[in-house]
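Q: I have a structure I would like to understand better, so I am pasting it below and will then ask my questions one at a time.
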Amino acid sequence: MNSEKLEAFVDAVLAIILTVIVLELPQPETITFAGFWALKTNFFAYLTSFIVVLTNWYFFHIIFEIIKKIDGKVIAMTGLVVFVMSLLPYFTLLISNNFTNINAQLCYCIFFIVIELAYDVLFWMIINIEHNSDLKQLLNLKRTGLHLLLYAIGIILGYLFTAEIIVVFVFVVVLTWFIHVYMSIKSDNID
């Protein structure tokens, strides 16, 4: 099965996700530095979400350049990943409006864990079809283990000290996703 239509679908959904997130950014009460500074948590959540969408878009770009064939299972799992990603505006708004709430922070963190695990399952499924070493490099389960450890540390510190620590750890993990993608760009194996 050809992957071009699936790639176009994913691109469209990710573009819509970013559009929805940016449209949910509130306007400052006053057009001053203080007015924008009052929205710092909204912009931080937007930045985190933007990096996630950019990283996921590029991961899909890499996948669709490498793979030669897809099957119904890959289409279904890609649909599940896109479904989970489509919830990103909801969780971005949730964390923006409840930044100091431990339950909102926990929901936000769990959402990112689900995204990462869904991607790992998708990569694993594609690797089983393709048997491609470049894809094995992307499915770095050691990276996933490190990320789960960072999420756990963030949750524990969030409960012990202040809830906002959780989103800081989520942001660190998101940055490591982005760096992983950047390193794959630099790699001679993946163009």
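Q: Within region 85-111, track down each residue that is surrounded by fewer than 16 Cβ atoms within 10 Å (Cβ to Cβ), touching a residue at least 12 places away in the same chain (Cβ under 8 Å) and within 18 Å of I51 (Cα to Cα).
A: Answer for region 85-111, where residues must be surrounded by fewer than 16 Cβ atoms within 10 Å (Cβ to Cβ), touching a residue at least 12 places away in the same chain (Cβ under 8 Å) and within 18 Å of I51 (Cα to Cα): S86, L87.
Q: While we're looking at this one, here's another question. If the requirement is being part of a helix (DSSP H, G or I), at pLDDT 95 or above and among the aromatic types (F, W, Y), which of these qualifies: F60, F36, F9, F64?
A: Going through F60, F36, F9, F64 in turn, the sole match is F36.
Q: Here are the criteria: (1) at pLDDT 75 or above; (2) surrounded by fewer than 17 Cβ atoms within 10 Å (Cβ to Cβ). Tell me which single one H131 does not satisfy.
A: Condition not satisfied by H131: (1).
Q: Right, next: Please enumerate the residues belonging to region 74-128 that are of a type in the set (F, W, Y) and either touching a strand residue (DSSP E or B) at 6+ places or on another chain (Cβ under 8 Å) or part of a helix (DSSP H, G or I) (or both).
A: Hits for region 74-128 are F83, Y90, F91, Y108, F111, F112, Y119, F123, W124.
The values are calculated or read from the model by the stated rules, or taken from the named source; none is laboratory data. A quick note: this is a predicted structure, and the numbers were derived from the prediction, not measured. As a convention, Cβ positions derive from the backbone with ideal geometry for all residues, glycine included, and neighbour counts pool all protein chains shown.
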